[in-house]
Amino acid sequence: MTAGLDVWPYEQADGAARLALLESCQVLDGRLAQRLSGELGRKIDFFLSPPEAPELGGFQAQPRLDRAMMPFVRFPNWYFCPRCRVLKRLPWNAQSGAEALRCDNPNRRAEGKGEPCSALSRTRRPKLSPVRFVAACENGHIMDFPWADWAHSRNGQSCSGGDGSLYLYSTPAAGLAGVMVHCIRCNSQRSLAGAFQQDALSPLFGASCPGERPWLGPHGHEHCANAIPQTIQRGASNAYFAKVVSSILIPPFSARVQQILDRPDVWSEIEVLPLVEGKPHEPSLRKKAENLGLDPDAFVRAVVERLTGLAKEADEELVSEARYRFEEYKAYTGPRPPVQERHDFDTHVLAASAYGPDFSSRFDRVVLVQKLRETRVLTSFSRIVPPEAQSGSAAKLALTPKRWLPGFSVRGEGIFLQFRAASVETWVRESGIRERIAALQAQQTRLDIERGKPPRVLSPELVLIHTLSHLLIRQLAFECGYDSSSMRERLYVSHEPETKMLGLLLYTASGDSEGTLGGLVRQGEPGKLDRTLEAALANASICSSDPLCIESTGQGTSGLNLAACHACALLPETSCEEGNLLLDRVTVLGTPECPALGFLSNVAP
């Protein structure tokens with residue numbers, strides 16, 4: 001398990017090594033740093049990606065300071081021998097060498113056959129394997145499954161037997177009833193049947209969770225009285241839900257001079273410059289610009305603008321998600337950025353009329369985003385339930401707050417579609433689609449109330465744009481050769497007067513060269529995007545699960561999908577912003593009985 005931020009290489013290094021790690025691992029996005037500073041209530045200066053591991057073997061005249069081993073802790077601590085089936089507990093910080101993981105059990109195998117593992121030669125002793133089951137709570141705590149307590153819980157007796165006296169083996173019984181934990185000292189045993197029930201571990205842990213946080217080390221325990229641990233599988237999908245905040249780098253933050261000013265080492269030198277009439281000494285700034293290889297006039301202007309913005313920052317309110325995305329929305333729909341701001345963001349706007357009358361009746365414009373850079377930052381995580389469905393507190397990444405967060409930056413390309421607002425309003429008003437979305441709204445409201453959160457308001461526009469995004473990504477995977485998991489969506493839907501927007505960004509943002517080959521932008525050109533849209537609608541008009549899919553009144557997780565399933569609309573979850581929920585093909589295509597329910601029924605072939 002990756003250790004907390006307190007022991008990351010950047011925190012442990014100093015001097016030249018710290019500067020080298022900062023130079024090689026730093027991720028800069030001033031706009032996102034400003035937003036997270038307001039949300040988290042502490043100053044966030046920058047983001048760091050994990051460093052490259054040092055090269056092993058061979059001759060190195062001098063080790064590279066910008067490389068370091070990432071810290072890890074062992075979890076789970078309970079292991080078992082696949083040969084004799086003994087359970088053994090290893091210290092949390094035990095090294096993963098061959099000697100520590102070799103079984104040295106002096107007892108015979110669980111079946112009483114064969115010689116004990118300790119009698120085998122060192123090279124023949126089997127390697128211990130981690131157990132499959134652990135316990136976790138909704139507040140992010142995770143701990144070892146209480147094997148000894150569980151084995152003795154059936155008869156209520158206590159036993160001094162523990163490490164070395166417990167065995168984990170399988171019986172012919174089906175399912176968890178066939179997984180048995182047995183204490184050979186007192187002959188107590190119990191199967192794991194019922195271990196995954198909601199409150200199965202409450203008699204063992206009591207009314208509260210132990211609050212263990214092994215990623216923060218041996219002193220990472222905290223008080224946790226409002227959750228009871230549940231049994232989960234070690235590799236289950238609900239063992240870890242990351243809370244990731246993403247951002248598209250837009251002008252003026254995409255300019256090279258702005259990114260240099262985002263570096264804390266550069267800005268700290270500017271802050272200590274002497275002031276003249278409340279402004280930094282201009283000759284010093286110009287000399288600094290020359291040392292950095294920047295235009296002095298642009299550098300001085302950017303420094304003055306940033307100081308003015310920082311003075312106003314304390315008086316501004318927290319930036320909402322809609323307002324944050326509205327800034328990106330304006331960057332797509334506005335003019336092409338100036339040359340100095342195209343370092344990581346460049347666009348080419350095309351009128352919808354170039355794609356034909358049917359297309360232009362539904363869309364205002366198409367923007368080919370030839371360059372974009374996305375920053376993804378981990379702020380916290382949860383277990384058992386995703387962060388958006390969590391009612392408790394999220395798990396922390398460090399014992400003490402840091403002025404940086406883990407994140408990484410990827411470059412790619414994309415296609416932005418701006419919907420025609422008048423056409424969308426007419427469709428919502430005249431088609432009767434609101435009555436259909438009311439079923440999703442009722443289910444969403446019920447879930448939010450159960451989670452103790454304000455009910456989220458759903459709209460036909462959101463379901464329409466989200467569903468069309470999925471259909472287009474599935475089709476683009478065939479048209480341009482990209483894997484669907486390497487494409488992502490970013491939804492721009494808001495009804496607030498100050499942030500009104502109806503848009504969709506389909507983009508690639510992969511860590512390798514696949515996201516920057518130009519294939520996706522090429523598919524957005526006239527004569528290609530319109531054919532892709534027609535093909536996507538044709539493929540989605542009939543699902544292999546119809547009529548069950550098209551007539552569904554609620555499917556998927558918590559019933560938050562209508563006419564959408566794996567055969568017609570779902571994507572890899574890394575590509576979707578809504579967890580493959582809030583989808584309905586009817587909003588795009590309508591039904592055979594009522595085509596008017598579909599916004600694009602006139603475009604479908």
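The values are calculated or read from the model by the stated rules, or taken from the named source; none is laboratory data. Just so it is clear, the model here is predicted, and its values are computed rather than measured. We place every Cβ from the backbone using ideal geometry, glycine too, and count neighbours over all the protein chains shown. For accessibility, only protein heavy atoms count, side chains too; no ligands or nucleic acids. Shrake-Rupley method; radii C 1.70, N 1.55, O 1.52, S 1.80 Å.
Using C-alpha pairs under 8 Å with a sequence gap of at least 6, the mean separation divided by the residue count of region 163-221 gives a relative contact order of 20 percent. Which FRET efficiency, nearest 0.05, do Ala193 and Arg234 yield, Cβ-Cβ r, R0 22 Å? In this case the efficiency is close to 0.70.
In this rough spin-label picture, where each label sits 7 Å from Cα along the Cβ direction, the Thr591-Arg301 distance is 5.9 nm. Cross-link reach is defined here as a Cα-Cα straight distance under 17 Å, omitting same-chain residues fewer than 8 places apart; for Lys288 the lysines meeting it are Lys279. As a calculated quantity, the FRET efficiency between His566 and Glu277 at R0 = 56 Å, using C-beta atoms, amounts to about 0.30. Compared with the dominant Cα axis of the chain, that is its longest principal axis, helix 321-333 is turned about 50°. Give me the percent relative contact order of the chain, please, defined on Cα pairs under 8 angstrom at least 6 residues apart. Once normalised by length, the contact order is 12 percent. Considered as an equivalent ellipsoid built on the Cα gyration tensor, the chain has semi-axes of 48, 37, 22 Å, the largest given first.
Here the simple spin-label model places points 7 Å from the Cα toward Cβ, and for Lys43 and Asp483 these points are separated by 4.2 nm. Summary of the geometry: region 470-492 and region 321-367, compared by the centres of their Cα atoms, lie 19 Å apart.
The residues neighbouring Gly15, those whose beta-carbon lies less than 14 Å from its own, together hold a net charge of -4 under the Lys/Arg +1, Asp/Glu -1 convention. Here the relative contact order of region 490-605, from alpha carbon pairs under 8 Å that lie six or more residues apart, stands at 16 percent. Mean residue ellipticity at 222 nm, helices only, the chain: -8000 deg cm²/dmol; runs of at least 4 DSSP H residues each add -39,500 (n - 2.57), and the sum is divided by the number of residues. Legend: calculated FRET efficiency, His219 to Thr171, from the Cβ-Cβ distance at R0 = 35 Å, rounded to 0.05, equals 0.30. For the pair Arg18 and Glu55, label points projected 7 Å from Cα toward Cβ lie 2.8 nm apart. Here region 249-265 is scanned for amide nitrogen atoms under 15 Å from the site 7 Å beyond the Cα of Thr308 along Cα-to-Cβ, giving 252. Ordered from longest to shortest, the equivalent ellipsoid semi-axes for region 472-605 are 24, 18, 17 Å, each the square root of 5 times a Cα gyration tensor eigenvalue. Taking the inverse of the mean reciprocal distance over all distinct Cα pairs, the Kirkwood hydrodynamic radius of region 2-57 comes to 12.8 Å. Per-residue accessible area (protein heavy atoms, 1.4 Å probe) orders Ile449, Ile270 as Ile449, Ile270, starting from the largest. Nonpolar atom fraction for the chain, defined as the carbon and sulfur part of the 1.4 Å probe accessible area, stands at 52 percent. Cross-link check: pairs Lys330/Lys402; Lys43/Lys453; Lys371/Lys396; Lys243/Lys330; Lys43/Lys500; Lys88/Lys127 evaluated at a Cα-Cα cut-off of 23 Å; pairs beyond the cut-off: Lys330/Lys402; Lys43/Lys453; Lys371/Lys396; Lys243/Lys330; Lys43/Lys500. Would you mind checking the tilt of helix 421-431 against the longest principal axis of the Cα atoms of the chain, expressed as 0 to 90 degrees and rounded to 10? Long axis of 421-431 versus the principal axis of the chain: about 70 degrees.
Taking every DSSP beta bridge that has both ends in the chain, the antiparallel portion is near 95%.
The residues packed around Ala151, meaning those with a beta-carbon under 12 Å from its beta-carbon, carry a net charge of +2 if Lys and Arg are +1 and Asp and Glu are -1. Kindly provide log₁₀ I(q)/I(0) values, in the same order as q = 0.22, 0.24, 0.28 Å⁻¹, from the Debye equation applied to equal alpha-carbon scatterers of region 194-265. With no solvent term, the Cα-only Debye profile gives -1.11, -1.21, -1.28. With every protein chain in place and a 1.4 angstrom probe, the accessible-area ranking of Met1, Met69, Met180, largest first, reads Met69, Met1, Met180.
Report, please, the projected area of region 261-311 averaged over directions, based on the convex hull of its C-alpha atoms, in nm². In nm², the orientation-averaged hull projection of region 261-311 is 3.3. Size descriptors for region 308-451, from the alpha-carbon set: Rg then Dmax equal 20.7, 59 Å. Is region 397-467 rounded, prolate or oblate when judged by the Cα gyration tensor, a ≥ b ≥ c being the square roots of its eigenvalues, rounded requiring a/c under 1.5 and prolate requiring a/b larger than b/c? The shape class here is oblate. Compared with the dominant principal axis of the Cα atoms in the chain, helix 529-541 is inclined by about 50°.
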